[in-house]
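Down below is the structure, laid out as structure tokens.
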Amino acid sequence: MQYLYSFFISFIFIFFSELGDKTQILVLSFSAKNKASKILLGVALGTLLSHGLAIAFGSKIGAMSDDSFLFYLKLLTYFTFLFFGIIGFVKLKFSSKNNSKDDDETSSQSFLIKFLNGFLKNCIFIIALTIAIGELGDKTFLASIGLGIQYPFFKIPLILGSICGMVASDSIAIFFGKWIGSKISSNLIELLSNSIFILFGIIGIVSLLITI
């Protein structure tokens, strides 16, 4: 049961975290000239590379035997979830004022990704590498580290849940991106994603404090 629980927690968390994320924009850019099956296979491989590394790292830390250290580490992780959610709301509030600035920042940060995107677009490996690089340091990547810390002995279901969450979320972007864009605003998607982060943070902090 714990294996299924950790799988679904990872799936739900990564699925909602990925909605409206910059990696989805990369997926949409690939979808113009590539088959959906090839893109999603690249997403799965890229997620295995990036999130697999993040979960393995988090699990290594979470498996430490120092209970006091783990308590504060988990507490820090949950506060980080809260931080990302709150920052997301703040960014959402001021996004209209800073669109040009954000675009410049995103452009500079994703130079390598765009460089890779220019070569061998039909190659699954390049798609996977682009996704993996795009995820490094992203909120979903950091969330995977947090999941590894929280469930250190369930690396496989966490990684599988993360891969399925990314593939499911990016499938929506590929197959229903245009329709969703016309029906649901990007602000609403960002609102939902930030709310999930804050909800997980609050639940985690409360559960830790109860055990004291």
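Scanning the stretch 14-24 for residues that are at pLDDT below 85 and part of a helix (DSSP H, G or I) turns up F16, S17, E18, K22, T23, Q24.
Residue-by-condition table, conditions (1) modelled with pLDDT under 70; (2) outside any loop (DSSP other than H, G, I, E, B); (3) touching a strand residue (DSSP E or B) at 6+ places or on another chain (Cβ under 6 Å):
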site	(1), (2), (3)
L26	no, yes, no
G42	no, yes, no
G52	no, yes, no
L76	no, yes, no
F81	no, yes, no
G85	no, yes, no
F89	no, yes, no
S96	yes, no, no
S107	yes, yes, no
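Criterion applied to I196, I205, I127, I174 was being touching a Phe, Trp or Tyr at 6+ places or on another chain (Cβ under 7 Å), at pLDDT below 85 and over 30 Å from K74 (Cβ atoms), and the one residue passing it is I127.
The set of residues in the stretch 1-17 being among the aliphatic types (A, V, I, L, M) and more than 16 Å from F81 (Cβ to Cβ) consists of M1, L4.
Name the one entry in S65, S144, S37 that is open to solvent by 80 Å² or more (accessible area, probe 1.4 Å), closer than 28 Å to F7 by Cβ and at pLDDT 70 or above.
On the way: S65 fails: at pLDDT 70 or above; S144 fails: open to solvent by 80 Å² or more (accessible area, probe 1.4 Å).
One residue alone meets the criteria, S37.
The values are calculated or read from the model by the stated rules, or taken from the named source; none is laboratory data. Computed from a prediction, not measured in an experiment: that's the story for all the values here. Glycine gets a Cβ as well: all are built from the backbone with ideal geometry, and neighbour counts include every protein chain shown. Ligands, DNA and RNA are stripped out before the accessible areas are found, and what is left, the full protein with its side chains, is counted by its heavy atoms. Shrake-Rupley method; radii C 1.70, N 1.55, O 1.52, S 1.80 Å.
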